[in-house]
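Engineer: Supplied in structure tokens, the structure appears directly below.
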Amino acid sequence: MLPYGRHSVSSDDVAAVVEVLGSDWLTTGPWVSAFEQQLAKLAGAPGAVSVTSGTAALHTAYAALGVGPGDEVVVTPLTFVATASSATILGANVVFADVTADTGNLDPDSVAAALTERTRVVGAVDYGGHPIDAPGLRAAIRGTKVILLEDAAHSIGGTLNGLPVGSLADVTTFSFFPTKNLTTAEGGAVVSADADVLARAATFRNIGMVKDPLRMRSPRDEAWWYEVQDIGVNYRLPDVLASLGLSQLARLEAFSRRRREIHDRYSAGLGDLDALLLPPTRPGANPTWHLYSLRIRDGRRKQLFDHLRASGIGVQVNYIPVYWHPLYADLGYRRGMCPVAEEYYEQEISLPLFPDLTDADVDGVIELVRGFIRE
Ligand SMILES: *Cc1c(COP(=O)(O)O)cnc(C)c1O
């Protein structure tokens, strides 16, 4: 089975990990610091806080922003459930806004309509790798204290109007799961231009331990002293995995280039078929593509999906609208709330996309899709 996504681990990546295994630091050491520095540089941010997954990054980001009971967090439903559930776990009310039909990203007009006095955060996703409409979303929250959070699990390395993903929103989170654009096996990170948010994120992922005297409530002249002021968790990324991330960062540009080539090859091979909608790129956007999100308009998504799976192509569907899951249905969320996202979901099928895919693999998938459409 040709998978829809797959990591690329080179012998250099392996050597980087093996080196750390023989060192004094398996965790909380120099590779974590170096990885965070490189990440921050890439993301155009002054600092980064690495964590153990993309879900942990979202939980950490919402916690660092002080999200809690009584707060509303506006999110897209066309995402992995963690974008929403990481706010729900903190006691916030999640409000779903709709997406635009072209990119599948949050629609600024729908966000504006969803804002209330209780809105604390807007959580947007770079769906498939296409950057959010950051200027539009900023305009929607202008004049409020609402914070823009970007779940960039799909899009590390992308840019919008020349600005790197990581510098578009107030807070940005990444995932380094193996199918994503670079991997640490499991891993994630939070980046922000706000030093306070970064400090709170670093404290949260380290069990709430405050070691900086300037941040202590009652600093003491005792070298062992630290304070725990709030609940935290242990989301520390080990050096063993940070070293893989560092090594992968050096390959990200090549990954992005190859992902773009494959994306273009699918679009060139399928662009003439009226039954299909291809993923567009908006002016100014330079995506690092995580998904090739094909949409089929004739109602035969399930048939195409089953046909490709039966032919050994590991296609996926991204995503079941988040509020369709029983977790949110039980809380009273109803189908039909975000019709554009629901239609996107009903038509969507993700074709294989990862750097080691060959042109012949891509052409084989194109031929299978074309054959199905002509039937
Ligand atoms: C993968 C993903 C996450 C979660 O990341 P993990 O590392 O798997 O925990 C969150 N949001 C989106 C949009 C994702 O694709």
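Engineer: Can you tell me which residues in segment 106-122 are under 21 Å from the mean Cα position of the chain (by Cα) and without any contact (Cβ under 8 Å) to a residue 60 or more places away in the chain?
Structural biologist: LEU106, PRO108, VAL111, ARG120, VAL121, VAL122, listed by residue number.
Engineer: Which of the residues belonging to segment 295-316 are touching a helix residue (DSSP H, G or I) at 6+ places or on another chain (Cβ under 7 Å) and of a type outside the set (S, T, N, Q)? Talk me through it step by step, then tell me what you get.
Structural biologist: So the first thing to find is which residues in segment 295-316 are touching a helix residue (DSSP H, G or I) at 6+ places or on another chain (Cβ under 7 Å), and the list is 295-297, 301, 304, 307-308, 311, 313, 315.
Once the filter is applied, which keeps residues that are touching a helix residue (DSSP H, G or I) at 6+ places or on another chain (Cβ under 7 Å) and of a type outside the set (S, T, N, Q), segment 295-316 yields ARG295, ILE296, ARG297, ARG301, LEU304, HIS307, LEU308, ILE313, VAL315.
Engineer: Filter segment 85-129 for residues that are more than 16 Å from the ligand (Cβ to nearest atom) and under 29 Å from HIS263 (Cβ atoms) and give the result.
Structural biologist: ASP98, THR100, ALA101, ASP102, ASP107, PRO108, ASP109, SER110, VAL111
Engineer: Here's another thing I want to ask about it. Could you identify the single residue in SER33, SER8, SER23 that is closer than 30 Å to LEU168 by Cα, out of contact with any Lys or Arg (no Cβ under 7 Å at 6 or more places or on another chain) and assigned to a loop (DSSP other than H, G, I, E, B)?
Structural biologist: After ruling out the rest, the residue left standing is SER8.
Engineer: Go through segment 156-187 residue by residue and tally those that are more than 9 Å from the ligand (Cβ to nearest atom), among the small types (Gly, Ala, Ser) and either under 19 Å from ALA61 (Cα atoms) or open to solvent by less than 20 Å² (accessible area, probe 1.4 Å) (or both).
Structural biologist: The total comes to 4.
Engineer: Could you list, in sequence order, all residues of segment 38-52 that are in contact with a Phe, Trp or Tyr (Cβ under 8 Å, 6 or more places away or on another chain) and surrounded by fewer than 24 Cβ atoms within 10 Å (Cβ to Cβ)?
Structural biologist: Within segment 38-52, just THR52 meets the criteria.
Engineer: Continuing with the same structure: In this structure, is THR116 surrounded by 24 or more Cβ atoms within 10 Å (Cβ to Cβ), out of contact with any Leu (no Cβ under 9 Å at 6 or more places or on another chain) and more than 20 Å from LEU58 (Cβ to Cβ)?
Structural biologist: Against the criterion (surrounded by 24 or more Cβ atoms within 10 Å (Cβ to Cβ), out of contact with any Leu (no Cβ under 9 Å at 6 or more places or on another chain) and more than 20 Å from LEU58 (Cβ to Cβ)), THR116 does not qualify.
Engineer: Still on this structure, I have one more. Could you list, in sequence order, all residues of segment 302-321 that are more than 14 Å from the ligand (Cβ to nearest atom) and surrounded by fewer than 20 Cβ atoms within 10 Å (Cβ to Cβ)? Can you show your working first?
Structural biologist: Within segment 302-321, the subset more than 14 Å from the ligand (Cβ to nearest atom) is 302-315.
Across segment 302-321, the qualifying residues are LYS302, GLN303, PHE305, ASP306, HIS307, ARG309, ALA310, SER311, GLY312, GLY314.
Engineer: Which of the residues belonging to segment 271-301 are loosely packed, with under 14 Cβ neighbours inside 10 Å and within 24 Å of PHE354 (Cβ to Cβ)?
Structural biologist: GLY271, PRO280
Engineer: A further question on this structure: How about segment 48-84: which of its residues are of a type in the set (Gly, Ala, Ser) and more than 10 Å from the ligand (Cβ to nearest atom)?
Structural biologist: If the condition is that a residue be of a type in the set (Gly, Ala, Ser) and more than 10 Å from the ligand (Cβ to nearest atom), then ALA48, SER50, ALA61, ALA63, ALA64, GLY66, GLY68, GLY70 are the ones that fit.
The values are calculated or read from the model by the stated rules, or taken from the named source; none is laboratory data. These figures come from a predicted structure and were not determined experimentally. All Cβ positions, glycine included, derive from the backbone under ideal geometry; neighbour counts span all protein chains shown. Note: areas computed on protein heavy atoms with side chains; ligands, DNA, RNA excluded. Shrake-Rupley method; radii C 1.70, N 1.55, O 1.52, S 1.80 Å.
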